[in-house]
Amino acid sequence: MNDSWYRASVPAVPPRAQLQGVLDADVCIVGAGFTGLSAALELAEAGRSVIVLEAEDVGWGCSGRNGGQINPGVACDHARVVRELGETDARRVWQLGVDGVDLLRDRVERHGIDCDLKWGILLVANKARHVPELHAWQDELGALGYDRLEFHDRAALQGLLRADYHAGVMDWGGGDLHPLKYVQGLARAAEQAGVRILERSAVRSYSEQRGQVQVCTAGGQVRAGHLLLAGNAYLGKLLPWYRKGFMPIGSYIGATRPLGDLAGQLIPSRAAVCDMNTLIDYYRLTPDNRLLFGGRASARDARPDALRQTMRERMAQVFPQLAGEDFEYLWGGQVAMTMSKAPVFGRLGQRVLFTQGYSGQGVALAGLAGKLMAETVLGDARNFDLMARWRHLPVPPGAPLQTAIRALALLWYRLQDSR
């Protein structure tokens, strides 16, 4: 399910070694995606020895196949953060979210990561009732000191995006990138800092004993002072069910053929776009003028080809000019969604940390989460503990029950979007 345009558009990377035998490190990290590699880079630059264990290869999970859209903050409304944490700490959470984007920008520049990074992301109103919500959102973030939002009414929006929306807000603090290029760049930077990344080394179990964590794969074992679980929706049974505050939702993306001059006519601003439905459509142009179109949600891990016609119809609803177009690439994966849309931060015992549940907003947020885990290992847990205060409902065990709950939730969201 990872036969993506991203994979096709980058040179193949030689496979890394698998874990064999027993190795020692200050920190062991499970998952070579945005979260794990961000933590690894931070720790290595602070002088810690780090081993990253990846079940597949670097960026195989959501980090290497997502929509590539960069958003500051967390996925839920600021008002909800205030209700959960209070006004003062909610402001701290917002600033951390902005810091996550700055962290991404800094790493791209500092490590010379060529990942097609560009700035500007449009949030667009599908319905007239969304327009006051756009104004309220802009006012709310303005009160937090965020001044990077520009409102465009229906007429003005046509200069940025030739599609039928009621209004839009351009966020110059967000943007988009090629996620696989970015995660591979993070991996190179981490390795240059001394991190050892071992691929095809799925973790089967771990245990705390005698002041360290023992992490076991089929081929060997890592003994470390701390373990960071950074596999997000792909951690499997490494987290107990009652600590999983998210459910995996299938999400799918298609890439058209290169559209030539038509691409610039569709999105003159070349900004990434996301709509305001609960079950969102999101899309953007690639450097070779393909349209990447995503957002089809599924309760099951469906085959992307089974969704091809539905996704083509959704794309044609936005851009009627593309009614005859198909996708040259179509792929999908699991997004870790929480009920609140806030991420989950937590601890297991004294030496194990985990973060997960970025709810579709992980491009910057996952990197921040990795940095906060690293800071905690290094002795400063203030920001990690702030995020860990959020109370999340446990996800009931059992795949059939979870699938049924996801299906009911998606049905409810579709009904909401049809109003």
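For segment 1-50, give me each residue that is among the hydroxyl-bearing types (Ser, Thr, Tyr) and touching a Phe, Trp or Tyr at 6+ places or on another chain (Cβ under 7 Å).
If we filter segment 1-50 for residues that are among the hydroxyl-bearing types (Ser, Thr, Tyr), which is where we start, we get 4, 6, 9, 35, 38, 49.
If the condition is that a residue be among the hydroxyl-bearing types (Ser, Thr, Tyr) and touching a Phe, Trp or Tyr at 6+ places or on another chain (Cβ under 7 Å), then 4 is the only one that fits.
From 220, 231, 185, grab the single residue that is of a type in the set (Gly, Ala, Ser), surrounded by fewer than 24 Cβ atoms within 10 Å (Cβ to Cβ) and in contact with a strand residue (DSSP E or B) (Cβ under 6 Å, 6 or more places away or on another chain). Can you show your working first?
Working: 231 fails: surrounded by fewer than 24 Cβ atoms within 10 Å (Cβ to Cβ); 185 fails: in contact with a strand residue (DSSP E or B) (Cβ under 6 Å, 6 or more places away or on another chain).
The conditions single out 220.
Determine, yes or no, whether residue 10 is in contact with a His (Cβ under 9 Å, 6 or more places away or on another chain) and closer than 23 Å to residue 282 by Cα.
Details: in contact with a His (Cβ under 9 Å, 6 or more places away or on another chain): yes; closer than 23 Å to residue 282 by Cα: yes.
Yes; evaluated as a whole, the condition is true for this residue.
Please work out which residue is surrounded by the fewest Cβ atoms within 10 Å (Cβ to Cβ), limiting yourself to segment 295-354 and to residues that are modelled with pLDDT of 90 or more, in a loop (DSSP other than H, G, I, E, B) and in contact with a Gly (Cβ under 6 Å, 6 or more places away or on another chain).
Here the answer is 327.
Take the residues in segment 261-282 that are in a loop (DSSP other than H, G, I, E, B) and among the aliphatic types (A, V, I, L, M), then tell me which one is surrounded by the fewest Cβ atoms within 10 Å (Cβ to Cβ). Give the derivation first.
Taking segment 261-282 as the starting set, the residues that turn out to be in a loop (DSSP other than H, G, I, E, B) are 267-271, 276-281.
Checking the rest, the ones that are also among the aliphatic types (A, V, I, L, M) come to 267, 271, 276, 279-280.
Details: 267: 20, 271: 23, 276: 23, 279: 15, 280: 19.
Within segment 261-282, the match that is surrounded by the fewest Cβ atoms within 10 Å (Cβ to Cβ) is 279.
Quick test for you: out of 211, 225, 142, pick the one residue that is over 30 Å from residue 53 (Cα atoms), surrounded by fewer than 17 Cβ atoms within 10 Å (Cβ to Cβ) and not acidic (Asp, Glu). Lay out the reasoning, then the answer.
Details: 211 fails: over 30 Å from residue 53 (Cα atoms); 225 fails: over 30 Å from residue 53 (Cα atoms).
Step by step, each of 211, 225, 142 is checked, and only 142 is over 30 Å from residue 53 (Cα atoms), surrounded by fewer than 17 Cβ atoms within 10 Å (Cβ to Cβ) and not acidic (Asp, Glu).
What are the residues in segment 345-369 that are over 13 Å from the mean Cα position of the chain (by Cα) and not basic (Lys, Arg), if any?
Filtering segment 345-369 down to residues over 13 Å from the mean Cα position of the chain (by Cα) leaves 345-354.
Correct list: 345, 346, 348, 349, 350, 352, 353, 354.
Out of curiosity, is residue 65 within 30 Å of residue 220 (Cα to Cα), charged (D, E, K, R) and under 14 Å from the mean Cα position of the chain (by Cα)? Break it down into steps so the answer makes sense when it comes.
Numbers: within 30 Å of residue 220 (Cα to Cα): yes; charged (D, E, K, R): yes; under 14 Å from the mean Cα position of the chain (by Cα): yes.
Considered against the rule, which asks whether it is within 30 Å of residue 220 (Cα to Cα), charged (D, E, K, R) and under 14 Å from the mean Cα position of the chain (by Cα), residue 65 comes out as yes.
Evaluate the following for residue 285: is it modelled with pLDDT of 90 or more and either surrounded by fewer than 19 Cβ atoms within 10 Å (Cβ to Cβ) or under 30 Å from residue 43 (Cα atoms) (or both)? Give the steps one after another, and end with the answer.
Numbers: modelled with pLDDT of 90 or more: yes; either surrounded by fewer than 19 Cβ atoms within 10 Å (Cβ to Cβ) or under 30 Å from residue 43 (Cα atoms) (or both): no.
The answer is no for residue 285.
To keep it simple, each residue is scored yes or no on (1) aromatic (Phe, Trp, Tyr); (2) at negative phi; (3) assigned to a helix (DSSP H, G or I); (4) surrounded by 19 or more Cβ atoms within 10 Å (Cβ to Cβ).
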| site | (1), (2), (3), (4) |
| --- | --- |
| 237 | no, yes, yes, no |
| 242 | yes, yes, yes, no |
| 251 | no, yes, no, yes |
| 258 | no, yes, no, no |
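Keeping to segment 127-148, report how many residues are under 17 Å from residue 69 (Cβ atoms) and not hydrophobic (A, V, I, L, M, F, W, C).
Of the residues in that region, 1 qualify.
The values are calculated or read from the model by the stated rules, or taken from the named source; none is laboratory data. Owing to the predicted nature of the structure, the values given are computational and were not obtained by experimental measurement. Neighbour counts run over all protein chains shown; Cβ positions are idealised from the backbone, glycine included.
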